[in-house]
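Bear in mind that the values in this text are calculations on the coordinates, not laboratory data. The shown structure was predicted, so the numbers you read here are calculated from the model rather than taken from an experiment. Positions of Cβ are backbone-derived with ideal geometry, glycine not excepted, and every protein chain shown enters the neighbour counts.
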Amino acid sequence: MADKNDTMEKLVSLSKRRGFVFPGSEIYGGLANSWDLGPLGAQLSKNLKDDWWKTFVETRQDMVGIDGSIIMNPKVWEASGHVATFHDPLVEDVKTHKRYRADHLLEEALGIEAGGMSLEELGKIIKEKGVKSPDGNELTAPKNFSGMFQTTIGPIQEEGNVVYLRPETAQAIFVNFKNVLETSRKRLPFGIAQIGKAFRNEITPGNFIFRVLEFEQMEVEYFVEEDEWKPIFEEWAIFMEAWAKKIGLDLEKVSRLEVTGKELAHYSKRTIDFEFDFPFGRKELWGLAYRTNHDLSAHMEHSKQSLEYVDPNDQSRKIVPHVIEPSLGVGRTMLALMLSAYTEEEVGDDSRVVMKFPYHLAPYKIAVLPLSKKDELVEPSQKIVDELTNHWNVEFDVTQSIGKRYRRQDEIGTPFCVTVDFDTLEDGAVTVRDRDTMEQERIKIEELVKYFESKLN
Ligand code: ATP
């Protein structure tokens, strides 16, 4: 266990030290559980989202994307059921006033499955079994705690102006279903994808960027005929696992959990959680849910608009499509990716830390490192940078010993380092060092682009 916690500590520290993730609002003492992405984190997250978009949208003829608003008409959240049901059971330690999810506490204290239990059930078990807070104190009776952030539109806070920050991106897809159908002219089965921010007032955020209040989701709503959902659901499960492999997640740590019983949302006939073995336990990484036609039907009822699909082969046949939803969190994926990439290696008497990101996700692909700060090396190095940046994201690093610079590039996962030395001035060649093997080869400057094309593209 000590080792595992150690891994998280090391990762948090590396993230800060190298510029992946910074504590939010740090100069004001921070804001609990808020994190900002630094230069490397922003690039890594962008690379991840770009790859998702390419894989889930651009390479599939049955997919299109949208980018919806964060603030929507509040009626959306009434129709979706969030206003009535998007809350978690909260209990409070009567002495410390720390708050906990009642179902999570019971699961930890008694090893029972408590997700989906009513407030009464939870309260009864807490009383009967004498469940205490982790600090050993009495707990208040469970009450509902809304997970939705509220704000108001306009200068005056009035009841009628209340709006919500969306707790999931999915609803923007459902409310635009008709618009997309008409403009994209897609036929079933087809899907609509979206990447965007979502906000949840979590009772127990934590574990670095695993559970936060503000996060990004990458979601697909894939519309199908009711009788074809089963094989398509399975295809999506396989598709998601293939993406896990493509982005370099440690597949031994990824597993499927069939969600059953009360954990299963009332409208869902099947849900799989893809879990990842994080250092703090096996937890949900992504979800895949068959949501029936619950959402479209609810929006039809509340908006009084038709969201039906007319069968192109039989115009008299109108249906409300069913939907399969692959839902992925960007931050959680990034955390799993960083944990999978994090490697400590012995090198002779020394050791090194390497982030073994797949090349296409690494924030920088190449670092150009002149051996000395002298102009005679910096100038030709700059020329190399100018050429390579036409093709890839390149870092130019001039200061510190070459050993320290290699170490830094290993820690940020740069696949290749190009070292410009005094021999370069004679032979027009540079040393290329491979991140993973640490092998070095001499390559002519004019062949560098071709060389990296064969390695990186
Ligand atoms: P959990 O059970 O961990 O709270 P959930 O079942 O509520 O997750 P979903 O509603 O299925 O999560 O959201 C889809 C995805 O969005 C999750 O699989 C996860 O990757 C991400 N996600 C959800 N909540 C958060 C959060 N608070 N912080 C970061 N990512 C989140």
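Viscosity 0.692 mPa s, temperature 37 °C: Stokes-Einstein D of the chain from its Kirkwood Cα radius, in µm² per second? It would help to have the intermediate numbers written out before the result.
Details: Rh = 25.0 Å.
My calculation gives 131 µm²/s for D.
Where does each of 428-435, 27-34 land if you order them by average Cβ count within 10 Å, highest first? If you can, show how the numbers build up before the last one.
Values: 428-435: 18.4, 27-34: 11.2.
With the highest mean Cβ count within 10 Å placed first, the list reads 428-435, 27-34.
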_Shape verdict for the range 268-324, please, from the Cα gyration tensor: rounded (a/c under 1.5), prolate (a/b greater than b/c) or oblate._
prolate
*Per residue of the range 278-295, in order, report the coupling 6.51 cos²θ - 1.76 cosθ + 1.60 (Karplus, θ = phi - 60°) as ³J(HN,Hα) in whole Hz, putting x for Gly and Pro.*
6, x, 9, x, 7, 9, 4, 9, 9, x, 9, 10, 9, 9, 6, 10, 3, 5
*So what's the gap between the Cα centers of the range 290-336 and the range 361-384, to the nearest angstrom?*
51 Å
*asked:* For the pair A84/E439, report the inter-label distance in nm, with labels modelled 7 Å from Cα in the Cβ direction.
replied: 6.4 nm
*Once you treat every alpha carbon in the range 364-456 as an equal point and sum by Debye, what is log10 I(q)/I(0) at q = 0.11, 0.12, 0.24 Å⁻¹?*
-0.25, -0.30, -1.39
*Can you give the Rg and Dmax of the range 341-407 based on its C-alpha atoms, in angstrom?*
13.9, 39
*Given the pairs K95/K124; K49/K230; K46/K404; K49/K304, which are separated by over 30 angstrom at their Cα positions?*
K49/K304
_Could you check the spin-label model distance between I112 and S25? Points 7 Å from the Cα along Cα→Cβ, value in nm._
3.9 nm
*Relative contact order for the chain using alpha-carbon pairs under 8 Å, separation at least 6, rounded to a whole percent?*
13 percent
*Could you give the radius of gyration (one decimal) and Dmax (whole number) of the Cα atoms in the range 87-146, in Å?*
10.1, 27
*Put a dot 7 Å past each Cα toward the Cβ at S297 and A141; how far apart are the dots in nm?*
3.4 nm
_So if the hydrodynamic radius of the range 185-262 is defined as the Kirkwood radius over C-alpha pairs, what does Stokes-Einstein give as its diffusion coefficient at 4 °C and 1.567 mPa s, in µm² per second?_
83 µm²/s
*Find how much the distance from N313 to V347 grows on full extension, using 0.36 nm per residue of separation minus their present alpha carbon separation; answer in nm with one decimal.*
5.7 nm
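R0 = 30 Å: FRET efficiency of E9 with Y267, Cβ-based, nearest 0.05?
Details: r = 40 Å, r/R0 = 1.35.
Plugging the Cβ-Cβ distance into 1/(1 + (r/R0)^6) gives 0.15.
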*Between the range 159-218 and the range 62-122, how many Å separate their Cα centres?*
16 Å
*log10 of Debye I(q)/I(0), alpha-carbon scatterers only, for the range 130-199 at 0.21 Å⁻¹*: -0.97
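Is the shape of the range 245-299 rounded, prolate or oblate, going by the alpha carbon gyration tensor and its root eigenvalues a ≥ b ≥ c, with a/c under 1.5 for rounded and a/b larger than b/c for prolate? Provide the component values of the computation, followed by the final result.
Values: a/c = 3.26, a/b = 2.05, b/c = 1.59.
Note, shape of the range 245-299 comes out prolate.
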_Run the helix sum for the chain: -39,500 (n - 2.57) per DSSP H stretch of 4+ residues, divided by residue count, reported at 222 nm to the nearest 500 deg cm²/dmol._
-10000 deg cm²/dmol
